[in-house]
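The values are calculated or read from the model by the stated rules, or taken from the named source; none is laboratory data. None of the values given here were measured: they were computed from a predicted structure. Ideal geometry is used to build each Cβ from the backbone, glycine not excepted, and the neighbour counts take in all protein chains shown. We work out accessible area using only protein heavy atoms, side chains counted, and drop any ligands, DNA or RNA first. Shrake-Rupley method; radii C 1.70, N 1.55, O 1.52, S 1.80 Å.
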Amino acid sequence: MIITALTLCFLNIYAANTSRDLVFRANESAVMDRIRVISASFSGLDSVTHESAEQILQVLGPRSYDRVVITDGAGVAVYDSMVGSNETGAQFLLSSVVQALEGSDVFYGRFRNGVVESYGCVPIMYYDVPIGAVYLMLSDSAQGALLQGLDETVFNLSVILELIVILLSVFSSGIYARKLRRILDSIRIVREGDYSHKIKLRSQDEMGHLATEFDALTDRLSISEQKRRQFVSDASHELKTPLASIKLLSDSILQNDMDGETMREFVEDIGNEADRLTRMSYKLLELTKLDSMTEEDREIVDIQKVCRKVLRMLRPQMEDRHIRLEDATIPGCTIVIAEDDLYQILFNLVENGIKYNNDGGLLRPSLEMNENHVIFRLEDGGVGIPAHAIGHVFERFYRVDKARSRMAGGSGLGLSIVHDMVVRNFGTVRVDNRPEGGACFTVVFPYRPAQEEEA
Ligand code: ADP
């Protein structure tokens with residue numbers, strides 16, 4: 001607002017000065033022409049005297065000026081038209097007269113007390129030597145009234161404009177304050193836990209953008225809160241089941257008079273449930289760790305090397321199920337990843353490939369690469385995944401066949417860990433069914449040549 005007021009002030013002054021300049025410039029030629037006529041009338045005379053001046057002005061006819069003063073070469077006024085002036089015979093050394101006596105034409109104008117005054121001074125020359133000067137003053141009150149009117153109009157206009165600016169500022173700051181209050185109220189509501197609250201401020205200004213961003217943020221908060229609740233309820237549900245089994249089994253041992261063999265079976269079941277709990281808590285921990293990864297944890301890793309480590313680790317399970325392993329991996333498929341993540345991804349996939357395979361079934365890990373990508377595939381000859389479940393297997397706690405998964409010691413978390421780890425390492429993962437039966441998991445990572453690290 002201050003800037004607008006200053007701008008208007010400046011425009012006011014500029015407009016006034018410009019209009020004055022225009023008037024003065026229009027007057028200049030008229031005044032100077034008159035003086036030059038008087039000055040030229042002295043040509044041929046070698047000196048300027050009161051008599052010659054009086055004679056010339058008489059010849060030139062009725063006066064068309066307010067005052068004319070004629071000086072000799074020394075700046076002494078030899079003639080002054082102003083009635084009652086006693087300048088005649090005295091030095092008349094105005095700066096314009098001094099400049100004229102040095103040979104220059106001088107003009108200036110001013111606007112004073114509602115009157116436009118024009119002053120001009122021209123030398124009287126004799127063979128290119130100034131021998132005197134003609135000083136003329138002209139005042140014009142009609143032009144003055146015009147300028148005065150113009151000044152007043154510009155002033156009134158700027159006052160009106162400033163008032164409009166002030167009113168608009170007060171009005172718009174009121175609107176802004178109201179929007180700001182609405183945003184602050186919404187922030188408080190969301191801070192108190194109501195993530196579903198929306199500001200819904202439809203406006204195209206910065207406040208509108210802020211409100212839209214805020215609504216998008218609360219949307220995300222609301223989704224992650226929902227996911228968090230879902231996760232907690234799923235996790236507690238999953239943990240409850242083995243705990244309930246342990247309680248049931250131990251109660252049975254305490255209450256029933258059972259033989260040693262049955263009791264051993266019950267205790268073994270308790271042990272299995274406890275193992276399941278351990279595995280589940282380990283996987284839950286893995287999931288919580290997913291967010292805390294830094295760039296330094298990543299390095300260039302050859303997938304084949306890690307895959308072989310996983311296969312070695314799971315060899316006993318494969319042998320138990322007589323799985324036919326066809327290792328079709330190739331060396332040189334290097335990617336940037338945290339090695340522990342890659343190990344976990346491959347471990348979970350291969351473990352599932354064994355768990356959900358048929359006895360004596362095929363397990364075929366393979367690697368392929370092109371200019372930009374490295375593709376890891378794991379095919380198995382197992383039960384495959386029903387079409388309705390394909391879109392869900394990467395969700396937390398999702399299990400196609402609960403009984404089979406439970407029997408195999410599953411928690412429903414393995415593939416969701418795989419998915420999160422692949423995504424956070426800039427890859428993608430998908431699953432398809434093989435036409436000949438069994439599932440095929442495909443993981444794609446960006447390729448990173450090994451030399452880059454050495455370089
Ligand atoms: P789980 O611990 O139960 O194995 P996962 O998240 O690893 O949990 O897998 C989710 C579900 O996807 C499993 O319960 C299983 O039904 C299905 N699944 C995973 N891998 C395979 C596979 N190779 N073949 C068939 N079904 C599979």
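Values computed for the structure shown
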| read-out | value |
| --- | --- |
| Meets criteria (among the β-branched types (Val, Ile, Thr) and within 58 Å of the chain's Cα centre (by Cα)) for ILE300 | yes |
| The listed residue being within 25 Å of the chain's Cα centre (by Cα) and not hydroxyl-bearing (Ser, Thr, Tyr), out of GLY260, GLY271, GLY193, GLY208 | GLY208 |
| Residue list for the range 171-204, restricted to those being modelled with pLDDT of 85 or more and among the charged types (D, E, K, R) | ARG178, LYS179, ARG181, ARG182, ASP185, ARG188, ARG191, GLU192, ASP194, LYS198 |
| Answer residue from the range 415-430, given it is open to solvent by less than 10 Å² (accessible area, probe 1.4 Å) and not in a loop (DSSP other than H, G, I, E, B) and is nearest to the ligand (Cβ to nearest atom) among those | SER416 |
| Qualifying residue in the range 317-336 (condition: within 14 Å of MET421 (Cβ to Cβ), open to solvent by less than 20 Å² (accessible area, probe 1.4 Å) and of a type outside the set (Lys, Arg)) | yes |
| Residue, nearest to the ligand (Cβ to nearest atom), within the range 279-320, restricted to residues that are closer than 17 Å to VAL232 by Cβ and among the hydrophobic types (A, V, I, L, M, F, W, C) | MET280 |
| Identity of the residue in the range 134-158, more than 41 Å from the chain's Cα centre (by Cα) and small (Gly, Ala, Ser), that ends up surrounded by the fewest Cβ atoms within 10 Å (Cβ to Cβ) | ALA142 |
| Residue in the range 380-393 that is part of a strand (DSSP E or B) and either over 39 Å from the mean Cα position of the chain (by Cα) or within 21 Å of ARG279 (Cβ to Cβ) (or both) present | yes |
| Matching entry among LEU248, LEU161, LEU201, LEU167 (being open to solvent by less than 100 Å² (accessible area, probe 1.4 Å) and either closer than 30 Å to ARG279 by Cα or assigned to a helix (DSSP H, G or I) (or both)) | LEU161 |
| Where a residue in the range 389-401 is touching a residue at least 60 places away in the same chain (Cβ under 8 Å) and farther than 10 Å from VAL431 by Cα and its partner, wherever it lies, is more than 8 Å from the ligand (Cβ to nearest atom) and of a type in the set (A, V, I, L, M, F, W, C), with Cβ under 8 Å and at least six apart | ARG396/PHE231; ARG396/LEU287; PHE397/ALA235 |
| Test: residue in the range 125-133 that is among the acidic types (Asp, Glu), within 22 Å of ALA26 (Cα to Cα) and open to solvent by 40 Å² or more (accessible area, probe 1.4 Å) | no |
| Lone qualifier among GLN148, GLN143 - being touching a Phe, Trp or Tyr at 6+ places or on another chain (Cβ under 9 Å), part of a helix (DSSP H, G or I) and closer than 25 Å to ILE38 by Cα | GLN143 |
| Residue selected from the range 323-368 under the condition in a loop (DSSP other than H, G, I, E, B) and away from the ligand (no atom under 16 Å from the Cβ), by the criterion nearest to ILE300 (Cα to Cα) | ALA338 |
| Test: residue in the range 45-58 that is loosely packed, with under 12 Cβ neighbours inside 10 Å and in contact (Cβ under 8 Å) with a residue 60 or more places away in the chain | yes |
| Counted residues, the range 357-372 - those being without any contact (Cβ under 8 Å) to a residue 60 or more places away in the chain, open to solvent by 70 Å² or more (accessible area, probe 1.4 Å) and within 27 Å of ARG448 (Cα to Cα) | 2 |
| Members of the range 369-412 found to be within 10 Å of the ligand (Cβ to nearest atom) and among the charged types (D, E, K, R), listed by number | GLU379, ASP380, GLU395, ARG396, ARG399, ASP401, LYS402, ARG404, ARG406 |
| Some residue of the range 51-64 being part of a loop (DSSP other than H, G, I, E, B), within 22 Å of ARG112 (Cα to Cα) and not basic (Lys, Arg) | yes |
| Residue match in the range 65-81 (condition: open to solvent by less than 70 Å² (accessible area, probe 1.4 Å), hydroxyl-bearing (Ser, Thr, Tyr), under 30 Å from GLY149 (Cβ atoms) and modelled with pLDDT under 85) | yes |
| Breaking point among (1) touching a Gly at 6+ places or on another chain (Cβ under 6 Å); (2) open to solvent by less than 70 Å² (accessible area, probe 1.4 Å), for GLU286 | (1) |
